[in-house]
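**Q** First the structure, then my questions, so here it is.
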Amino acid sequence: MSIPQFVENAPGLRIILLGNEAIARGILEAGVVIGAGYPGTPSSEILSTLAEMQKYYPNLKVEWSINEKVAFEVAYGGSMSNARSFASMKHVGLNVASDAFMTAAYAGARGGMVLISADDPSCYSSQNEQDNRYFGLHALVPIFEPSTPQEAKDLIKYAFDFSEDFQTLVLFRTTTRLNHGRGDVVLGEIKKIDREYGFDWDRSRWVCLPSHSRVLRFKLLERLQEISDFANEFPYNSLKISDEKINGKRYGFVAAGIPYAQLIDALNFFNIREKVSILKLGMVFPPPKRLIKELLKEVDRVLVVEELEPFIENILKQIAYEEGLAKEVEIHGKDFLPQNGEFPAELYLETLAGLMDLEYASVAVPNDLLIIPPRLPILCPGCSHRSSFYAIKQIEKKMKTKFVNSSDIGCYTLAVYKPLEGLDTEICMGASIGLANGISKIQSEKNPVLAILGDSTFFHSGIPALINAVHNQNDILVMILDNRATSMTGFQDNPGTGIKITKEIGTRVIIEDLVQGCGVKKENLWVVDSNNLPEMIEKLEDAVNAKGVRVFISRHKCSLLEINEFRLKQIKTPIIKIDPEKCKGCLLCVDKFGCPSIIFKEREKKAHIDQESCRGCGVCIDVCIHDAIYKEEGE
């Protein structure tokens, strides 16, 4: 992305943008003032892109919030104050924000308010692949879904106008393929909205106690009916009817988002795009009932193409039943397409061939094609989390007991794989301490119970669970892996770094002060450099053997950030080598520690360090029991 081109108010200029960058540009063109979110793949680049724009557009105010619930509330406070606002998060983030979202739907929007939910079919970087269209249905909020980067930019820009016209929240649903795909985008005009900003003290609307919410519920239903009536005229919904038949039948298709774009490619492959009827949806809820009825009356078979749940399919079947069309038209969806995962291109071709009796021969993979063996995801070379988990394993070995390691979500979750195998639970953000609270009531007399989470995760949702542990006197050890960044989602700063999204200096929140503020006693708090393995093992053993609520902070900057910092400051990085004379080929450094920079030369039966990938952390020096690994000063 070219920043000068991106910020330029140049309608008609065509540039190539990432889907998330296109969304950010559309937000900029809409004249948005407030933006907030929490980093989470595949949504992260939306807010970080806009943060780079803030110096060019000082009226734009964006922030990384402590979690998704707070992010939604920050944005909604902007809407209450008549400012166009948005909150951005990945799909599971809406679970966190849903408490505020479900009630805010009653009061609706004042300044345009859009909630961006980036879903992740196939769980590329998530613990589930939930379909957040059901949140729109649940909250009775309209759902927009773009199919290309161009439409993403245009549709989100339109969403703010729509939100203000109907005084409604808008749920803007994307998926990974849209967020992280690239396409050419024609820029539009950047709006400068002339309006009065300020809170309006409308207590009957903004104070959602029961007597007010009962009235707001009626207004929500009236608003939804108005939107339903408008759905047939929605500019990003379109219906194309064809009278032609294929093998004796008239076919129709319904799709939205990326599945629509890929469906068009598949129809073009068979050269039948003009021979079928297509209902393309830009707003998937509420549905355009008149357009759907027109389609159902004109075809013999309909295929609903959508990833994950049969959301649109169920809507079509309901309308067909209500209109007495259920026996006249076949409606297909999940009987042809899977209910899990992102759809590969080949699946579209195979499905159309099966549905319409078309000739199609799938391309066989040549027998002599080089097949690359699968490789487990691993922690980076020099990652401080590796030494933390290695220390845990050494203490387990010494104590001859198994710990229950309850984990959160982050880079450290990769420690579940060999050789560390350091995790026993992982559900969601904050659950490491939450689950440990419950497990300790059963297990702590038999096995030490550890709750393991990162610094950003602790700020996100670990604090309430820690207070719960203190209040209820549960016997757990909380291990906070502080690497000074939200690394897994792109190295975003958090309160522990004291740097704001704009890279300006903010206020740093000290984790150990916060921990003591939660009620943890000073004698039950340890802070150790993760890469000082001997001290890590010594102090962590003390923490494991103590009783009550204990907190151990394992702290060292993310190796990727550290090596970049060394380069910028021209600091010599240590060179770590292995003395082949001392190496016994015991494989301890490979099989137990597992740093990917340590490789084993089978012919020599010796370990070797790959200097191209080694970060020079030196932890492996303390791992080797033969003193074969040593540090050599960098040049």
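**Q** Given H placed on each backbone N at 1.01 Å, which residues far from residue 549 in sequence or on other chains put an amide H within less than 5 Å of it?
**A** 476
**Q** Given Cα pairs under 8 Å that are at least 6 residues apart, what percent is the relative contact order of the chain?
**A** 10 percent.
**Q** I'd like the Karplus ³J(HN,Hα) series for region 485-491: coefficients 6.51, -1.76, 1.60, θ = phi - 60°, whole numbers in Hz, and an x wherever there's a Gly or Pro.
**A** Result, ordered by residue: 5, 8, 6, 4, 9, x, 6 Hz.
**Q** By how many degrees, 0 to 90 and rounded to 10, does the Cα axis of helix 463-472 deviate from the longest principal axis of the chain?
**A** Relative to the chain, helix 463-472 is tipped by roughly 60 degrees.
**Q** Here is a further query. Considering just Cα atoms, how many Å³ per residue does the convex hull of the chain enclose?
**A** Roughly 196 Å³ of hull volume per residue.
**Q** Have a look at region 430-469 and give its Rg and Dmax from the Cα atoms, expressed in angstrom.
**A** 10.2, 31
**Q** Moving on. What are the ³J(HN,Hα) values, in whole Hz, obtained from phi via the Karplus relation 6.51 cos²θ - 1.76 cosθ + 1.60 with θ = phi - 60°, for each residue of region 201-213 in sequence order, with x given for Gly and Pro?
**A** 6, 8, 5, 5, 9, 9, 9, 8, 8, x, 5, 7, 5
**Q** On to the next question. Quickly estimate the mean residue ellipticity at 222 nm for the chain, helices only: each DSSP H run with n ≥ 4 gives -39500 (n - 2.57), and the total goes over all residues, rounded to 500.
**A** -11000 deg cm²/dmol
**Q** Which whole-Hz couplings ³J(HN,Hα) result when phi for each residue of region 87-103 is put into the Karplus expression 6.51 cos²θ - 1.76 cosθ + 1.60, θ = phi - 60°, listed in order with x for Gly and Pro?
**A** 10, 10, 6, 7, 4, 5, x, 5, 4, 6, 7, 5, 4, 6, 4, 5, 7
**Q** Using the Cβ atoms and a cut-off under 15 Å, what net charge is assigned to the surroundings of residue 592, where Lys and Arg are +1 and Asp and Glu are -1?
**A** +2
**Q** Cα gyration tensor of region 528-621, axes a ≥ b ≥ c as square roots of the eigenvalues: rounded (a/c below 1.5), prolate (a/b > b/c) or oblate?
**A** oblate
**Q** Angle, helix 431-443 long axis vs. longest principal axis of the chain, Cα atoms, 0 to 90°, nearest 10?
**A** Orientation of helix 431-443: about 60 degrees from the principal axis.
**Q** With a sphere of radius 11 Å drawn around the Cβ of residue 628, what net charge do the other residues whose Cβ falls strictly inside it have (Lys, Arg +1; Asp, Glu -1)?
**A** +1
**Q** Given Cα pairs under 8 Å that are at least 6 residues apart, what percent is the relative contact order of region 247-300?
**A** Reported relative contact order: 51 percent.
**Q** Run through all the Cα pairs of region 1-112 and give the fraction in each 10 Å bin from 0, expressed as whole percent.
**A** 15, 46, 31, 9, 0
**Q** Subtract the Cα-Cα distance of residue 203 and residue 587 from 0.36 nm times their separation in residues, and report this length gain in nm to one decimal.
**A** Result: 131.4 nm gained on full extension.
**Q** How large is the dipole of the chain about the Cα centre if only Lys and Arg carry +1 and Asp and Glu carry -1, each at its Cβ, rounded to the nearest 20 debye?
**A** I would put it at about 1140 debye.
**Q** Ranked highest first by the average count of other Cβ atoms within 10 Å around their residues, in what order do 397-407, 588-598, 43-53 fall?
**A** Highest to lowest by the protection proxy: 43-53, 588-598, 397-407.
**Q** Given an 8 Å cut-off on Cα distances and at least 6 residues of separation, report the relative contact order of region 384-565 as a percent.
**A** The value is 23 percent.
**Q** Rounded if a/c is under 1.5, else prolate if a/b is larger than b/c, else oblate: which is region 476-566, with a ≥ b ≥ c the root eigenvalues of its Cα gyration tensor?
**A** Oblate.
**Q** Can you give the angle from 0 to 90° between the axis of helix 149-166 and the longest principal axis of the chain, with both taken from C-alpha atoms, to the nearest 10?
**A** 70
**Q** Using all alpha carbons of region 238-356, what is the percent of pairwise distances in each 10 Å bin, ordered from the shortest bin to the longest?
**A** P(r) over region 238-356, rounded to whole percents: 14, 52, 32, 2.
**Q** Quick one: go through region 304-337 and flag any residue whose amide nitrogen is under 19 Å from the point 7 Å out along the Cα-to-Cβ line of residue 358.
**A** 304-307, 330-337
**Q** Let me ask something else about it. Test of understanding: express the Cα radius of gyration of region 177-217 as a ratio to 2.2 N^0.38 Å, with N the residue count.
**A** With N residues counted in region 177-217, Rg over 2.2 N^0.38 Å equals 2.21.
**Q** Taking the Cα centre of region 238-356 as origin, work out the dipole magnitude from +1 charges on Lys and Arg Cβ and -1 charges on Asp and Glu Cβ, in debye rounded to 20.
**A** Rounded to the nearest 20 debye, it is 420 debye.
**Q** Under a plain spin-label model, where a point goes 7 Å from the Cα along Cα-to-Cβ, how far apart in nm are residue 211 and residue 566?
**A** Taking the simple label geometry, residue 211 and residue 566 are separated by 6.7 nm.
**Q** Starting with the highest mean, order 536-542, 188-194, 250-256, 207-213 by the number of other Cβ atoms within 10 Å, averaged over the residues of each peptide.
**A** Descending mean neighbour count gives 250-256, 536-542, 188-194, 207-213.
**Q** Another question, if that's okay. So, R0 is 35 Å and r is the distance between the beta-carbons of residue 268 and residue 321; what FRET efficiency does that work out to, to 0.05?
**A** Efficiency for this residue pair is about 0.60.
**Q** Sticking with this one: Looking at the square roots a ≥ b ≥ c of the eigenvalues of the Cα gyration tensor of region 76-201, which shape do they give, rounded for a/c under 1.5, prolate if a/b is larger than b/c, or oblate?
**A** Oblate is the answer for region 76-201, as a/c is 1.5 or above yet b/c matches or exceeds a/b.
**Q** Grab the eigenvalues of the alpha-carbon gyration tensor for region 248-297, scale each by 5, take roots, and send me the semi-axes largest first in whole angstrom.
**A** 20, 16, 5
A short reminder: the numbers here are calculations on the coordinates, not readings from a lab. A quick note: this is a predicted structure, and the numbers were derived from the prediction, not measured. Don't worry about glycine lacking a Cβ; one is built from the backbone with ideal geometry, like all the others, and counts go over all protein chains shown.
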